[in-house]
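As structure tokens, the structure follows; a few thoughts come after it.
The values are calculated or read from the model by the stated rules, or taken from the named source; none is laboratory data. Every value quoted in this text rests on a predicted model; they were computed, and no experiment measured them. Neighbour counts run over all protein chains shown; Cβ positions are idealised from the backbone, glycine included. These accessible areas exclude ligands, DNA and RNA; they are computed on the full protein's heavy atoms, side chains included. Shrake-Rupley method; radii C 1.70, N 1.55, O 1.52, S 1.80 Å.
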2 protein chains.
Amino acid sequence: MANEIKAELAAGKLAEYEQLSKIYDDIVKHAKPRLTVEGQGKILLALSDEDHQSQRELATRLGISPQSTSEFVYKLVKRNLVTLTKSPKDKRVNLVNLTNEGRQEIESAAQEVPPFLKALSDTEMDQLSSLLNKITTAMYEDIDAANPTLGVKFHKLFASRYLKQFKK
Amino acid sequence: MANEIKAELAAGKLAEYEQLSKIYDDIVKHAKPRLTVEGQGKILLALSDEDHQSQRELATRLGISPQSTSEFVYKLVKRNLVTLTKSPKDKRVNLVNLTNEGRQEIESAAQEVPPFLKALSDTEMDQLSSLLNKITTAMYEDIDAANPTLGVKFHKLFASRYLKQFKK
DNA sequence: AATATATAATAAGGGCACCTGATTATATTG
DNA sequence: CAATATAATCAGGTGCCCTTATTATATATT
């Protein structure tokens, strides 16, 4: 079937892109490294969307265990990017707050346009956005079906990032 | 500038896709997990392209340290996916060889079309392949400029994967 | 109020992908 | 043959994650 081959080709290209992008940042140095959407970076991202969340909230929202969340928060505290304050309402909970440095960190690492995207024309840029949008929408649906508490949160988290760019 | 905004949007969507795909496999279970293109998976992939390479060759080709290579190979040996044989020409070198299980592992984990791609029509599939092709080509150029010994090898490595699919 | 149970966070320990700095064989070369 | 280069390994470390206790603090039940 011709369409099966098309799909396999697209899947292969997508896999290739993913793999390449893993090594791209290592090898092709940027002035400012991209904000990593893992671990500590995830926490920062979530806080930039909504500050003063409890670790429990962060964990649930980001789909990582509370233990890992605690670890990342601890590391961020050491880097002076967040502070912890005990909630007065519930002495069990630690609220995680962005410091000015933390906010700056997010700002300075704001999504830059990677150099390799310059290879596309305006029209192609539009096409790519639209295709990726269909793909991510489908992914959110699958993720949501598998774990209803997660998908929407992520969407919101990412959406807030583009919005910030448009405001400027 | 309008085109700058288009580029930022595309960059954001790409980042979103990357992040989502990281958690997709965890949450949306597949019968067969995708062959991971990291660590042990990288080694297998390189061997499927060309068997009986020395660890040194693998390390250079994959852009990872010889020490890490040794570690991954060791783990693959424990999983019976590769064997080590001393080169008769140079007793220092260990040749890494795929076992039948190893070959099967690669085969069975061959790139399946992820469910979320089904959201695209044939035409869109073509568009996506073509766009990604432009992007990866640009990435290879950047990578090659930064580290001339690496890019082409990677390209060959990935290219061999699609080709296999077309043969069927 | 007193006990039982639920919940937030931490501690402890483990796995995987990498890395750097020795160290040990084995080659090659002057 | 001594000096140097090279393949691989050992030891130890970082970052991202996880699971299984354990410790406080809350809330519910009797």
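Using a label point 7 Å beyond Cα on the Cα-Cβ vector, give me the inter-copy distances for A:LYS75 in nanometres, one decimal, shortest first.
1.8
Within 10 Å of each Cβ in A:48-56, how many Cβ atoms from other chains are there, averaged over the peptide?
So the per-residue partner count for this stretch is 0.
Please give the average number of partner chain Cβ atoms lying within 10 Å of the Cβ of each residue in A:115-124, rounded to a whole number.
Whole-number average of other-chain Cβ neighbours for A:115-124 is 6.
Over region A:1-141, what percent of the accessible surface lies on carbon and sulfur atoms, probe 1.4 Å?
52 percent
Would you tell me the mean number of C-beta atoms belonging to other protein chains that fall within 10 Å of each C-beta in B:137-147, as a whole number?
The mean count of partner-chain Cβ atoms within 10 Å per residue comes to 5.
Please give, to one decimal in nm, the separation of the simple spin-label points placed at A:GLU101 and B:ARG79, each 7 Å out from Cα toward the Cβ.
4.0 nm
At 7 Å along Cα-to-Cβ for each site, give me the label-to-label distance between B:ASP25 and A:VAL93 in nm.
It works out to 3.5 nm between the two label points.
So how much accessible area does A:MET125 have, in Å² to the nearest 10, using a 1.4 Å probe?
Its accessible surface works out to 10 Å², give or take rounding.
Can you pick out the pairs among A:LYS118/B:LYS118; A:LYS6/B:LYS134; B:LYS13/B:LYS75; A:LYS134/B:LYS6 whose Cα atoms lie more than 26 Å from each other?
Checking Cα-Cα distances, A:LYS118/B:LYS118; B:LYS13/B:LYS75 exceed 26 Å.
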